[in-house]
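The structure appears below as structure tokens.
Only the coordinates and a few stated rules stand behind these numbers; no lab work does. Everything numeric in this text was worked out from a predicted model, so none of it was measured. In this analysis, Cβ positions are derived from the backbone assuming ideal geometry, glycine residues included, and neighbour counts consider all displayed protein chains.
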Amino acid sequence: MKGRRDYRRVSRGLRFRLTTSYAVLFTILLTLVALLFRQRLHSALDQQIDEELTQEWGAMKGYMRIEPNQEKGGKINAVWYYDPEDPDETTIVLDIKKIYLITDQNGIPILEYKTQQPAYSTGYDDIGLDKPADIAKNVREAMASPKPKTFWMERKTSTGEPVKIRAGLVYAEGHGAPYYVAIGTTYSDKVKVLHDYTLFLAGVIPGALVLGSLLGYFMAGRALTPVLAVAQAAQRISGSNLSLRIPTREAGDELDYLILTFNRMIERLEASFQQMKQFSTDVSHELRTPITAIRGQLEVALFTAKTTDQYREAMFNALQDIDRLSQIVRALLLLSQAESGQLVLQKARLNLCEVVGDLVEQFQIPAEAAGVKLSAQLPAECPAEVDRVQIERLITNLLSNAIKFTPEGGDVRMSLRGEAQGVEIVVEDTGRGISSEHLPHIFDRFYRVPGRGTAPAPEQGLGLGLSFVAWIVKAHRGTIDVDSTPGKGTRFTIHLPAEGVSSDTLELVGQA
Ligand code: ADP
């Protein structure tokens, strides 16, 4: 239940974060796109107004003349030439005349030919007639310009409608003098389009955001559901059922990869658990034997011994078993230190031949006692970067085994050879050999090749020696091979690289 609660809290946080980040991104994107569209629409509408006014200007030039009125003593008037019977022409001219103004060079409106009224519309009056001085300035500017000059102005009617004005010079018929003409158009319909669009966006964007966020929240929830399944499966796995695996979803996605990684981790954990179990079973078994023996000796001393000699013998036997006990405990302690990485290699550059030579020397006495001929083939120099204590332990274990398991009259040979990549150490004997069914296990902890029956042969030790050998070789990043023919002999071949390994890798190679 607690796991589910934890998951809910975590998944809610994740869900929320996913949704908000999507929503923020979505907002930024939508707003940017909306602004861009609005900008485009704005300039398209602007362009449309300008085009309309330009068209109107062209029509105005077609229908309107500025010419002397002969009836009024040649006074310059604005004359509109169109057929009042033609609805098209009438519409066009009336459209132009909605907002217009025609003045002389000084900005004073000239008169309409027909009405003899000033040539401007009430529409223009409504947006405010330009000051004559301003018009005169525009006329001068246009006359000075080498190209025909057009003036664009923005105004507002008394009711607030926007108006765009196009102004420029028009030359009088025959007279040749320039006159100032301004025509305008309201464009509130276009402003409305823009306004409607903005309103639409203001409504649609938040709506889309709310919808998108809800959808995102839902989708994130769905995407996270398999995580809940994985978490629940993981919760069920405990020390007692490490064989459980989380089933993959066969989706081939990141989550499946996570499940696979998790399962592999559980596999490794299971293997370690198994080893630990095996180890404690082995240890208790190994400890029980000497403890039972000690108990037996002490019982003998307590209940049946009568003479001092009998007491002494029982004590002596008990002491021997205690020695064996402490040997086992010491060896186990050392192995566990090696496995947990506490045993750090103290590497140094040394002449391996010298170290091996000294050991062979020391082993001559037990070899002689066992009636075994011990010989060594060593070059003068054999430099290597190794841990002296551990290498001595390795050679000692191999040599003592070889002597131990070789009958009288046999041979034990030790040789060392420098190679391009390191050193080769060989220990071979003409002893009893190891049969192929036992060979794969001799490096396991407490493994001893049984003698006749299932019990270990009496000369055998704790069964830990070769476990150490394997660990030491691995810690030096070397390799060990064993060849054996039952009844003929055994050969251990070790290759050590020239450079040992750094101490930080030791814990990884603890398992022999
Ligand atoms: P032990 O303390 O019994 O020697 P080891 O781990 O050193 O334990 O060796 C494991 C077993 O492998 C030994 O009990 C022995 O049966 C076998 N063995 C090791 N070295 C040799 C050898 N040179 N010849 C024959 N058997 C060997």
After finding the eigenvalues of the alpha carbon gyration tensor for region 166-221, what semi-axes result from the square roots of 5 times each, listed largest first in whole Å? 58, 10, 5
Using every alpha carbon pair in region 209-257, what percent of pairs falls into each 10 Å bin from 0 up to the bin containing the largest distance? 22, 37, 26, 11, 4
Suppose a student asked you for the relative contact order of region 261-330, using Cα pairs under 8 Å spaced at least 6 residues apart; what percent would you report? 34 percent
Projected onto their principal axes, the Cα atoms of region 346-493 stretch, largest extent first, over whole-Å spans of 47, 30, 23
In µm²/s, what is D for region 264-399 at 4 °C and 1.567 mPa s, where D = kT/(6 pi eta Rh) by Stokes-Einstein and Rh is the Kirkwood radius from Cα pairs? 67 µm²/s
Global size of region 299-349 as Cα Rg and Dmax, reported in angstrom: 19.0, 60
Over all directions, what mean area does the Cα convex hull of region 55-192 project, stated in square nanometres? 9.0 nm²
Taking each pair of different alpha-carbon atoms in region 1-127 once, compute 1/r for the pair, average those values, and report the inverse of that mean as the Kirkwood hydrodynamic radius in Å to one decimal. 20.2 Å
Of the trypsin sites (Lys or Arg not before Pro) in region 109-157, which ones lie in a loop per DSSP and count no more than 12 other C-beta atoms within 10 Å? Lys114
Using eta = 1.306 mPa s and T = 10 °C, Stokes-Einstein with Kirkwood Rh from Cα pairs puts D for region 26-69, in µm² s⁻¹, at 119 µm²/s
Taking the C-alpha atoms of region 168-270, how large are the radius of gyration and the largest Cα-Cα span, Dmax, in Å? 35.5, 114
What would the Debye equation give as log₁₀ I(q)/I(0) for the chain at q = 0.06, 0.08, 0.09, 0.10 Å⁻¹, counting only Cα atoms as equal point scatterers? -0.60, -0.78, -0.88, -0.96
Under 28 Å, Cα to Cα: Lys pairs in region 110-230, sequence gap 8 or more or different chains: 18
